[in-house]
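Everything below concerns the one structure shown next.
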Amino acid sequence: MIPWAKPTLFGKEERYVQEALRSTWISGGPFVDRLEKDFCETLQVPFAAVVSNGTAALHLAYLALGVGHQDEVIVPGFAYQAAANIAILCGARPVFVEVDPATWCLDPSALESAITPRTRAIVPIHTYGNVCDLTAILSVARSRGTPVVEDVSESMMSEWEGRQAGTIGTIGTYSFHATKTITTGEGGMVVTRDPELDQRVRLFRSHGMLRERRYYWHEAPGHNFRLTNLQAAMGCAQLESIQEIVARRRAVHAMYRRELDGESGVTLQHFDARVMPVLWALALKLDPGAFPQGRDRVIDQMRELDVECRPGFYAASQQPIYDSLALPVCEDLARNVISLPTFPDLTEELVHTICQGLRKLKR
């Protein structure tokens, strides 16, 4: 079976984790500080706070911005909906907007009508390795004085106009899940250029305490969203290999493009010329005329061919926990998008096998 994703490990991960174990620093420790420092250097940002997972990163971003009861948070209707779920848990209301039918990212033209006096944040979710139109989004956000939280869980190291995604808005949040660009098993990061926001993230990350000020003194009600030294050790090793990971992911993307550009019956996700993507997953939209059996049946048939695929995200308007108006573009993508195996160790031969399998299923 060709898996949909798997982490790429380089050997230093085991050595660094053993080093952390031998040091007996297994909760907090020096690898945590090192990972934050290395992340800042890699992304060229002044502040980075490592956390327990990407969802915790979003939660801390909202808390740092003061998102709370009766506030509104604007999110795209086609995406992994951690950003919406955390808004609800903060007492806010997610306001879903359409995505661009070509890029599948938040449509900036939908923002003006969605912003209200209650809007506390706009959350562009950079989907599948793509980057939202940050120039247009930030233009609207700045005109309204609204913070922008970039969810970069799927697009670490992707660039917008030569700048790292996640470093352009008010706050950027990252995931280090096993399927992501780098992994610590579970983990994440919050980055910002604002020292006050960074301090608030760190405060809420650790029970509302800042130990450099005073031990066991709670300045705010907070969580324990800290990452362990063991996990951070793995992250440090991964980050040392980030350029190789990026190069391999871009090579896999190029392989798929050579196979599928111009292929009848499928439409690949579009990347704006201003985007330099690092693919999380190769996603494409199936034409129901070419695949009348439907996307879900195609996934089953690919599994029969020993290829694991996944469906696109369900539209917010299709899910019972959300209060959303109809979102036709999101709903169309939800019905027809499929993502193919994508990880750095994929070879040209395997990519060809995957694409040939998909071709066999066309009618």
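The values are calculated or read from the model by the stated rules, or taken from the named source; none is laboratory data. Since the structure is predicted, the reported quantities are computational estimates derived from the model, not experimental observations. FYI the Cβ positions are ideal-geometry reconstructions off the backbone, even for glycines, and counts take in every protein chain you see.
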For the stretch 263-296, what are the residues that are part of a strand (DSSP E or B), touching a Leu at 6+ places or on another chain (Cβ under 7 Å), more than 12 Å from L340 (Cα to Cα) and not hydroxyl-bearing (S, T, Y)? V266
For the stretch 111-121, what are the residues that are crowded, with 21+ Cβ neighbours inside 10 Å and either modelled with pLDDT under 95 or more than 16 Å from A87 (Cα to Cα) (or both)? L111
Find the residue count for the stretch 34-64, including only residues that are part of a loop (DSSP other than H, G, I, E, B) and under 16 Å from M234 (Cβ atoms). 2
Restricting attention to the stretch 1-18, report how many residues are farther than 14 Å from T184 by Cα and surrounded by 15 or more Cβ atoms within 10 Å (Cβ to Cβ). 3
Listed residues S241, S264; which is of a type in the set (G, A, S) and within 30 Å of E13 (Cβ to Cβ)? S241
Does the stretch 163-181 include one or more residues that are over 15 Å from the mean Cα position of the chain (by Cα), small (G, A, S) and on the phi > 0 side of the Ramachandran plot? no
Report yes if A87 is surrounded by fewer than 24 Cβ atoms within 10 Å (Cβ to Cβ) and in a helix (DSSP H, G or I), otherwise no. no
Residues within the stretch 175-229 that are of a type outside the set (D, E, K, R), surrounded by fewer than 20 Cβ atoms within 10 Å (Cβ to Cβ) and assigned to a helix (DSSP H, G or I), tallied: 2
Do the conditions hold for E150, that is, is it charged (D, E, K, R), touching a helix residue (DSSP H, G or I) at 6+ places or on another chain (Cβ under 8 Å) and surrounded by 23 or more Cβ atoms within 10 Å (Cβ to Cβ)? yes
Test F31 against the criterion of being within 17 Å of A237 (Cβ to Cβ) and part of a helix (DSSP H, G or I), and give yes or no. yes
Starting from the stretch 352-363, take each residue that is touching a residue at least 60 places away in the same chain (Cβ under 8 Å) and list its partners that are surrounded by fewer than 19 Cβ atoms within 10 Å (Cβ to Cβ) and among the polar types (S, T, N, Q), counting only C-beta distances under 6 angstrom and pairs at least six apart or across chains. L361/Q301
Have a look at T55, T116 and point out the one that is more than 25 Å from T167 (Cβ to Cβ), in contact (Cβ under 8 Å) with a residue 24 or more places away in the chain and in contact with a strand residue (DSSP E or B) (Cβ under 8 Å, 6 or more places away or on another chain). T116
All positions within the stretch 297-330 that are aliphatic (A, V, I, L, M) and in a loop (DSSP other than H, G, I, E, B): L305, A315, I321, L325, A326, L327
Counting only residues that are within 17 Å of the chain's Cα centre (by Cα) and of a type outside the set (A, V, I, L, M), which one in the stretch 122-146 is farthest from Y80 (Cα to Cα)? D133
